[in-house]
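One structure below.
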Amino acid sequence: MKHLLLATAACAIGATAAMADVKVGMITTLSGGGAGLGIDVRDGFMLAIEQSGRDDIEVVIEDDQRKPDIAVQLADRMIQSEEVDVLTGIIWSNLAMAVVPSATAQGKFYLSPNAGPSQLAGRGCHPNYFNVAWQNDNLHEAAGAYASEVGYSNSFILAPNYPAGQDALTGYKRLFEGDIAQETFTQLGQTDYAAEIAAIRASDADSVYFFLPGGMGISFLKQYADSGVDKPVIGPAFSFDQGILQAVGDAALGVTNTSQWSKDLDNAANQAFVESFVAEYDRLPSLYASQGFDTANLLISAMEKADVSDQDAFRAALEEADFDSVRGDFRFGSNHHPIQTIYAREVIEEDGVYTNRIIGTALEDHADVYAAECNM
């Protein structure tokens, strides 16, 4: 059956309600400065659904506008009026903290394709919550470990002041063996970084670590390149992802970043994903697209083993994670967060397109530290 588009802000792909066996509510960011992230998650997710050939999945897609109150309203409506079985899609950790605990308390499954706040990995974990991307600290921990490995000893670190930003700097400091020249929290959505760059210039730091996803990272990198400050920059993949790189351009070349995925990972599932994503959307996939794709394939793998109405069986099927992940080996830890290898990548220009290539392994088979606090 041809998939049908139905959402409020646009529509959703899936079978008609009468035919649907699983109804998915996708709440993600499709407008404003963070829209590129949500669009990529959506497109990766929907590509996997389309490739599965299934006509028993309905996906209702809504734009949260990066506002927690809007996300909560959408989730309540999807759960109470539209009777979705599974929710997914949220990019930002402050929105996840507003939506996920309520959704799981109401007996719904939540599959996160991105946000992984520490609270939901530790004491706030829930049997119906699965994160298919990472726990927020992970890529930052990898960056700290890699910075130490290459010899940096004094880092200036900055991130937005919200849950993911706080987790970011905590993660970097956890595995960075050097000193912190200065730790700075910026405003979420900030676009002018003159004060922060002046502080970096005046510091005795030998390196800069920053986490500024979406438009924030574009603004910072451009301003940093124009400033003439020559301290080397390290970041997580979020600040050097495919969409961001095209906007930043030469200013990002040579920068090292950490990621659990890269388009050049040498496995059959990833090669097929990259090829099919380019064919479908006429652009290279991003980290976010890869996470959306894996999230949908996790859902499909569970549907092949259990009915969503049998929560215990469906949960067990999700825990098995019996699908071919684009990142290679994939498994969940005891708190339903991935145990995975995280790579160091370098920004390059390839055939006129800015992208990343793997240059090493930062952490192998890495699990988050909060699992010990999760009692499930």
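Every read-out reported here was derived from the displayed coordinates using simple, explicitly stated rules and does not represent laboratory data. Keep in mind it's a predicted model, so treat the numbers as computed, not measured. Reconstructed Cβ throughout: ideal geometry from the backbone, glycine too, with neighbour counts over all protein chains shown.
Each Lys and Arg Cβ is given +1 and each Asp and Glu Cβ -1; about its Cα centre, the chain then shows a dipole of about 660 debye. The tail of the calculated P(r) for the range 244-289, taken as Cα-Cα distances beyond 13 Å, holds 63 percent of the pairs. When the chain is treated as a Gaussian network with alpha carbon springs shorter than 10 Å, the biggest mean-square fluctuation among Leu139, Leu30, Leu188 belongs to Leu188. Among the listed pairs Lys108/Lys173; Lys67/Lys222; Lys67/Lys108, those whose Cα-Cα separation exceeds 30 Å are Lys108/Lys173.
Can you bin the range 51-160 into rounded, prolate or oblate? Criterion: square roots of the alpha carbon gyration tensor eigenvalues sorted a ≥ b ≥ c, rounded for a/c under 1.5, prolate for a/b above b/c, oblate for the rest. Taking the square roots of the gyration eigenvalues as a ≥ b ≥ c, the range 51-160 is prolate.
If you rank His126, His336, His140 by fewest surrounding Cβ atoms within 10 Å, what's the result?
Starting with the residue having the fewest Cβ neighbours, the order is His126, His336, His140.
The charge dipole of the range 280-376, taken about its Cα centre with unit charges on the Cβ atoms of Lys, Arg (+1), Asp and Glu (-1) only, comes to about 180 debye. Per-residue ellipticity at 222 nm, computed for the chain from helices alone with -39500 (n - 2.57) per DSSP H run of at least four residues, works out to -12000 deg cm²/dmol. Bridging of Lys23 to aspartates and glutamates at a Cα separation below 13 Å is possible for Asp55, Asp56, Glu58, Glu82, Glu83, Asp85, Asp307, once same-chain residues fewer than 8 apart are set aside. In terms of the Cα gyration tensor, with a ≥ b ≥ c the square roots of its eigenvalues, is the range 234-322 rounded because a/c is under 1.5, prolate because a/b exceeds b/c, or oblate? In terms of gyration-tensor shape, prolate.
Considering only Phe211, Phe314, Phe293, the mean-square fluctuation computed in a Gaussian network model of the chain, springs between alpha carbons under 10 angstrom, is largest for Phe314. Each peptide in 41-48, 318-325, 151-158 was scored by the mean count of other Cβ atoms within 10 Å over its residues; highest first, the order is 41-48, 151-158, 318-325.
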